[in-house]
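Any read-out appearing in this document is the output of simple, stated calculations on the displayed coordinates, not a laboratory observation. These numbers were taken from a predicted model, which means no experiment stands behind them. Note that each Cβ is placed from the backbone with ideal geometry, even for glycine, and that neighbours are counted across all protein chains shown.
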Amino acid sequence: MSQVRARLHRTVEGVVVLAEERKVDLMVAAMLCSGHVLLNDVPGVGKTLLAKTFARCLGLDFARIQFTPDLLPSDVTGLNFYNQKTSEFDFRPGPVFTHVLLADEINRATPRTQASLLECMQEETVSIDGVTRSLPGPFMVIATQNPVEMEGTFPLPEAQLDRFLMCIDLGYPAKEGEGEIIRRFLGADPLLEVEPFLDKNRIYSMRKTVSAVHFSQSVIDYTLDVVRRTRTLKGIRLGASPRGTLYLARCAQAWAALQGRPFVLPDDVKAVAVPVLGHRLLPDVESALHALDGPQLIADIVAEVPVPVGGFEESDT
């Protein structure tokens, strides 16, 4: 696990200049949890490049959909078309039939088209004309959206946001990093030099290792306290769902495994709480007026919820 993590860092950071190294770990954690990622930031910070580089490292089939207002659900999932040679209807699979799907600028498509991903992301299946087809596994959606330019966009509904394991803001790189972007991309595209070094069997093996990471009852209780506080804290109109609770627990397991530990600490829950829960909250009007968004409210909750001490390595049986 540690060798794979180190190589992913070297490869991704050799192409994409990120403001924080932990963004790579968050992407890896999402992949280990069979989760989907929403990259949410201003244009030009490397969202699409990060998604393409990460997918290339995995050695899996990759497809990209540029979401636009005129994109139809069938352009995503596929459709049945009449074959004049056979006089029968044949199924033409859409780009969602892949392992890693890049949904670029997902909020530019209409709600109808956005909804075509709901079943894909939750059940990894596509249902068309009464027939349900399984997507190839492992399956992962990496979506991007621009939160600033909202003209001509359709904000993702809560049901869609809740299906993303985490939402990651990339941020601007430091001055030295921005200088490195100039040097790096004045020549050949470094993405072309990325060689895949994982495959689906290795990914499944890593996921099995993550699922075996011990989660003590005290840390489970702490995880529940954090999530349930989102439903009672003043300033939050809608808190995190039970799906968010499960995603937080799974992601904490993956984070512990990436640190080389066979058990989860409260610090692992803290490390992933903001990206896993921040986009699931709906602040009320007063919080919005004070510029308090979901990530900030989650940070406040993590700072106030009491942390358990000791017993994290012990089995509950």
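Could you give the longest part of the chain that holds none of the trypsin sites (Lys or Arg not before Pro) found in DSSP loops with at most 14 neighbouring Cβ atoms within 10 Å? Longest stretch, sites excluded: 86-230. Indicate the gyration tensor shape class of the chain (rounded, prolate or oblate), computed on the Cα atoms with a ≥ b ≥ c the square roots of the eigenvalues: a/c under 1.5 is rounded; otherwise a/b larger than b/c is prolate and the rest oblate. Rounded shape, in that the Cα axes give a/c under 1.5.
As a proxy for reagent exposure, Tyr172, Tyr222 were ordered by neighbouring Cβ count within 10 angstrom, fewest first; the result is Tyr172, Tyr222. Beta bridges from DSSP with both residues in the chain: antiparallel share about 40 percent, rounded to the nearest 5.
Look at Ser127, Ser287, Ser218 and count the other Cβ atoms within 10 Å of each Cβ; fewest to most, that gives Ser127, Ser218, Ser287. Helix 266-277 against the longest principal axis of the chain: what's the angle in degrees, Cα atoms only, rounded to the nearest 10? It is inclined by approximately 40 degrees. Take the Cα of Asp284, step 7 Å toward its Cβ, do the same at Leu238, and the gap between the two points is 1.6 nm.
Placing a label point 7 Å from the Cα of Ala19 along the Cα-to-Cβ direction, the residues of region 254-294 whose backbone N falls under 17 Å of that point are 274-276, 278-279, 292-294. Once the Cα atoms of helix 175-185 and of the chain are each reduced to a long axis, what angle between those two axes, in degrees from 0 to 90 to the nearest 10, is obtained? The angle comes out at about 30 degrees. In degrees from 0 to 90, rounded to the nearest 10, what is the angle of the helix 242-258 Cα long axis to the longest principal axis of the chain? Orientation of helix 242-258: about 80 degrees from the principal axis. By a straight-distance test (C-alpha under 17 Å), which aspartates and glutamates pair with Lys200 as possible cross-link partners, with residues fewer than eight away in the same chain excluded? By straight Cα distance, Lys200 reaches Asp61, Glu124. Quick one: if you stick a label point 7 Å off each Cα along the C-beta vector at Lys175 and Asp300, how many nm between them? The modelled label-to-label distance comes out at 3.4 nm. Given R0 = 30 Å, the distance between the Cβ atoms of Asp199 and Thr125 translates into a calculated FRET efficiency of 0.85.
Couplings 3J(HN,Hα) for region 71-76, derived from phi with the Karplus relation 6.51 cos²θ - 1.76 cosθ + 1.60 (θ = phi - 60°), are 6, 9, x, 5, 5, 9 Hz, where x marks Gly and Pro. Please check which bits of region 76-117 a label hung off Arg64 would reach, taking the label as a point 7 Å along Cα-to-C-beta and the cut-off as backbone N under 13 Å. Label zone hits: 101-105. Would you work out if region 185-317 is rounded, prolate or oblate? Take a ≥ b ≥ c from the square roots of the eigenvalues of the alpha-carbon gyration tensor; rounded if a/c is under 1.5, else prolate when a/b is larger than b/c, oblate otherwise. Oblate.
The ranking of Glu105, Glu13 from fewest to most other beta carbons within 10 Å of each one's beta carbon is Glu13, Glu105. A cut-off of 5 Å between modelled amide H atoms, ignoring neighbours fewer than 5 places along the same chain, links Asp61 with His99, Val100.
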